[in-house]
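Okay, structure first, notes after.
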Amino acid sequence: MYKQLEDLPDIMTAEMLSQFLGLSKRRIYELMDLNKEAGGLPCLRIGRCKRTLKTDLINWINKTKEGK
């Protein structure tokens, strides 16, 4: 289980994000499908797979905290 940002790998699956953020995998996928302007979580799409970079997660958390 991931408890701190330092514990996370550089590229994360929805399962990893779900455990870290305490959200369901379904909600993580919903956030990945939203565009950035609507508060969506940036992700890489590799075929049908979606992954999020640790740096993108950190930036997304900071923007969410600021309300932007």
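Structure data summary
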item: Residues located in the range 15-64, provided they are among the small types (Gly, Ala, Ser), modelled with pLDDT of 95 or more and outside any loop (DSSP other than H, G, I, E, B); result: SER18
item: Number of positions in the range 1-50 that are buried (at least 18 other Cβ atoms within 10 Å of the Cβ) and of a type in the set (Asp, Glu); result: 0
item: The range 51-63 - residue that is more than 14 Å from ILE28 (Cβ to Cβ) and polar (S, T, N, Q) and, of those, surrounded by the most Cβ atoms within 10 Å (Cβ to Cβ); result: ASN59
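The values are calculated or read from the model by the stated rules, or taken from the named source; none is laboratory data. Not measured: the values here are computed from a predicted model. Positions of Cβ are generated from backbone atoms using ideal geometry, with glycine treated the same way; all protein chains shown enter the neighbour counts.
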